[in-house]
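Every number here is computed from the coordinates shown, using simple stated rules; none is lab data. These numbers come from a predicted model, not from an experiment. Cβ placement follows ideal geometry from the backbone for every residue including glycine, while neighbour counts extend to all protein chains displayed.
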Amino acid sequence: MSQPQILLVDDEKAILKLLQTVLAKEGFTEVNSVGSAEEAIEACRSKPYDLIILDVMLPGKSGFEAAPFIRELTNAPILFLTARSTDLDKLTGFAIGGDDYIVKPFNPLEVIARLKVHLRRSAGLSAPLSSKRLGAQEIYDFGYFIVDGTAKELTVNGNAVDCPAQVFQLLLFLCRHPNRVFPKDELYERVWGESAINDDSTVMVHIHRIRERIERNPAKPEFLLTVRGLGYKLVRRGIEQ
């Protein structure tokens, strides 16, 4: 089994060395590092990566400015690493394509734990079918859009729509439980696989990113509804209630 390809982007050499050392101890040997956003974009053009750890405060173009360019090149999870810890910063990070947000100073073991979660999830979305699933299909038809859990594809109004791994994982979970209301913290725990303590923004941003893809008008959703004070539910408009 090939090693995950990881890209580290930070202008602080001490942080790069720390992360490289910890990753090596955990068995991650295919790790490249660069010190600027421009180098990160070029690195993603040159080869595919399975995960990117991206500092926000970089010389020249910031990590926030680089993320949309990187996202055009890859759907690999992007983990922002930064000293900027406000809710607005976190929401910005998720809105522009980030999958996680780690605040400095950080515990290296926490970074490794989150990295492993994202790698497992990404591998699950791209892995070939197991023998148990051969011949079986997992397709959810909502009329206007179709989610193919087997092929890991989203089709909206007859057109294939690109969907980052974490966004697709949340959508697939909701498809598997239609018409059921889920609080934000339960969605986070069920989909992200960890406690949602002090993290309300992640689910909200990913719900928004799903609506941008599956709704005719994301501002007036027909399918992915907010149940005030309770959470979110995915309904089958025009098919079944």
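Can you compute the modelled spin-label distance between residue 230 and residue 95, with each label point 7 Å from Cα toward Cβ, in nm?
2.9
Taking a virtual spin label 7 Å from the Cα of residue 103 along the C-beta vector, which residues in segment 47-86 bring their backbone nitrogen under 12 Å of it?
Only 82-86 pass the distance filter.
Calculate, in nm to one decimal, what residue 3 and residue 212 gain on full extension: separation in residues at 0.36 nm each, minus their alpha carbon distance.
Result: 71.9 nm gained on full extension.
As a test, work out the antiparallel percent of DSSP beta bridges whose residues both lie in the chain, rounded to the nearest 5.
50
Could you identify which residue out of 170, 187, 230 has the top mean-square fluctuation in a GNM of the chain using Cα springs shorter than 10 Å?
Highest fluctuation among the options: 230.
Name the most mobile residue of 161, 111, 205, meaning the one with the largest mean-square fluctuation, in a Gaussian network model of the chain with Cα contacts below 10 Å.
Most flexible of the set in this elastic network: 161.
Expected output is a single nm value to one decimal: the length gained when fully extending between residue 72 and residue 42, i.e. 0.36 nm times separation in residues minus the C-alpha distance. What is it?
Gain on extension, residue 72 to residue 42, equals 9.6 nm.
Which length gain, in nm to one decimal place, applies between residue 18 and residue 138 when the Cα-Cα distance is subtracted from 0.36 nm times their residue separation?
Result for the pair: 39.0 nm of gain on full extension.
Cα axis of helix 201-214 to longest principal axis of the chain: angle in degrees, 0 to 90, nearest 10?
60
Rounded, prolate or oblate for segment 6-126? Axes are the square roots of the Cα gyration tensor eigenvalues, ordered a ≥ b ≥ c, and the cut-off for rounded is a/c under 1.5.
The shape class here is rounded.
Among 154, 174, 109, which one shows the highest mean-square fluctuation when the chain is modelled as a Gaussian network with alpha-carbon springs under 10 Å?
In the Gaussian network model the winner is 109.
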